[in-house]
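To start, the structure itself, in structure tokens.
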Amino acid sequence: AAPTQAAPQTPVKRPGAAAGAAAGGTAAAAAAGAAAAAVPVPASPAPSREEIEQPSIGTATGLPIPRFVSLRSDDVNLRIGPDTRFPIEWSYQRRDLPVMIVREYNQWRRIRDMEGTEGWVHQSTLAGRRTFLVKTPHELILRAAAAEASPVVAKLESGVVGRIRACRAGNAWCEVSVGGREGFLRRADLWGVGPDEDIQ
């Protein structure tokens, strides 16, 4: 039988003080949120016309927007604004998790995860390595070649994270590696690569 690659039991992200206060949380969390609310929060920088119109080029790097990157560590704070003075809304607990950069502001990047959550992280917490997240609710079959009839290498559960080795434009399959195994997965089953993106 093909080995099954299970997703880590550690949650992808946990709520920070800002999210806990917004959700109500426990009495202690509510009290902490109230105390935090009493502290003036710096106003967000006024968005430029280019930002409002969804820029296609990053204002800080000149790189394409949107674009996928990955988290550099197992502890990345997502803030409600582009500065350490802004409250932490979520803390990501999954190194290599793919996220999409949708805005840039100096050394800060506004990212979006697979669930649609958006917020700001410092650029030093991101890496250029390309990774994927299994986004289907069912197991995916990692195959030895880019064909449905190809031998099974492994079965991947929803939530598994791996590396993208190559994903050619116009090709429905991506070459990936996960848990020490290499093979092919369908592009449409992965979060972390664009529908027409070319990765070599």
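Just so it is clear, none of the values below were taken in a lab; they were calculated from the coordinates. In this text the structure is predicted, and so the values were computed from the model without any measurement. Backbone-built Cβ (ideal geometry, glycine too); neighbour counts: all protein chains shown.
If R0 equals 25 Å, the separation of the Cβ atoms of E157 and Q200 corresponds to a calculated FRET efficiency of about 0.35. Modelled label positions at T59 and A146, each set 7 Å beyond Cα in the direction of Cβ, lie 3.8 nm from each other. Amide H contacts under 5 Å for V193: none, restricted to partners 5 or more places along the chain or on a different chain, H placed in the peptide plane at 1.01 Å from N. Could you tell me the calculated FRET efficiency between E118 and A6, based on Cβ-Cβ distance and R0 = 25 angstrom, to the nearest 0.05? The value I calculate is 0.35.
In order along region 116-126, the Karplus-derived 3J(HN,Hα) couplings, from 6.51 cos²θ - 1.76 cosθ + 1.60 at θ = phi - 60°, round to x, 5, 10, x, 10, 10, 6, 4, 5, 8, 10 Hz, and Gly and Pro are given as x. Counted residue by residue at 0.36 nm each, then reduced by the alpha carbon distance between them, the extension gain from N171 to R129 reaches 13.1 nm.
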